[in-house]
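Since every read-out is calculated from the coordinates, none of them should be taken as a lab result. Note that this is a predicted model, so its numbers are computed, not measured. Positions of Cβ are backbone-derived with ideal geometry, glycine not excepted, and every protein chain shown enters the neighbour counts.
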Amino acid sequence: MNTTVTTWTPYEIRPADTGTPATPEGLAAHLADTALADRLLTEQKALVFRGFHLTPDTLGPVLDLLLRNRLAYVHGNSPRTKVGDNVYTSTEYPAEFTISMHNELSYAESWPSRLAFFCQQAPETGGATPVVDGTRWLASLDPEVREAFGAGVRYTQNLHDGMGLGKSWQDTFETRDRAEVEEYLRGTGADWEWRPDGGLRVSLLRPATVRHPVTGEEVWFNQADQWHPASLGDETAAALAQLLPTDELPQYVTFADGSPIPDAYVVQVRDRGLDNAVDVDWHTGDLMVIDNVAVGHGRRPFTGPRRVLVAMTD
């Protein structure tokens, strides 16, 4: 039975709440007590700062306080453009599609502890960033589904050498040096092989749930639904099946033992994540920071130009 829980929402902070001016400098002054900001984020899981009139030129000092070791988007599978010091566009997936809930890089051996999203330009309509509490997402799933994922999942990426479906290995690892890629992969526990066509296949076994390092809460923490053909819809999945066998898709996923994950399971995971999500609507200048373990995120469809930048930290 689908249990939708909507009692949790991100915590909004405005200048009147901080006692500081409605300026980027005012927000930076409020965040100067980094221990307080860290504790508040752990308690609230997601913070939304509104009314401080942030711009791309004034964003840096605020990000330096919230994300004290900004990370590159290495091993990321989403199409993005790097626009600054480890600052990227949010996913460039077509505007008409919903992006389902996920925790950033949950398929990797390591992942960012928090993400920041900055709205440089709000869309004309739609374009909210939905966020979901991982404990609620996990609780909403049928026991049969939770049990089936108990041993974890195996992710596989087929990364081309510059031409093909999906991302190239060069874009994925932000290098053209195979030795750098291999050095990175050796530290992840992944299996990999270079293909005769110059592409790279990477396979990694990961858990389906993790416990938050501070609170100890168990959360749903995998991207099985996004990596599974069933999440693409019947027509798209059927078209891809005509082009490539499943194990040659740009990315695919199985249970830990290599057995297929039923379509119905991943559709339930996808839909219940979205059902339990809370939409954060954007206004130009808004900033949101989320605990990437406690909270999953996605994107609603939109019209008109939309530019949301993202950065992350360990």
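Structural remarks
- Additional length obtainable on full extension of the chain from Ser110 to Leu65, 0.36 nm per residue less Cα span: 14.0 nm
- Working from label points 7 Å from Cα in the Cα-to-Cβ sense, the Leu232 to Leu40 distance is 4.4 nm.
- Each Lys and Arg contributes +1 and each Asp and Glu -1, all at the Cβ; summed about the Cα centre of the chain, the dipole is approximately 360 debye.
- Where labels lie 7 Å past Cα in the beta-carbon direction, separation of Asp85 and Arg195 in nm: 3.8
- Only DSSP H runs of four or more residues enter the estimate; each adds -39500 (n - 2.57), and after division by the residues of the chain the mean residue ellipticity at 222 nm equals -7000 deg cm²/dmol.
- Those GluC sites (Glu not before Pro) in the range 89-157 that DSSP places in a loop and that have at most 14 other beta carbons within 10 Å: Glu92, Glu96, Glu124
- Here the range 138-271 yields Rg over Rh of 1.00, to two decimals, using C-alpha coordinates and the Kirkwood radius.
- Nitroxide proxy distance, nm - points 7 Å out along Cα→Cβ at Thr303 and Glu96: 1.3
- Here the gap between Asp33 and Glu12, fully extended at 0.36 nm per residue and compared with their Cα-Cα distance, gives a gain of 5.8 nm.
- The calculated FRET efficiency for the pair Asp281 and Glu25, based on their C-beta separation and a Förster distance of 35 Å, comes to about 0.85.
- Packing-based ranking of 7-18, 296-307 yields 296-307, 7-18, ordered from highest to lowest mean Cβ neighbour count within 10 Å.
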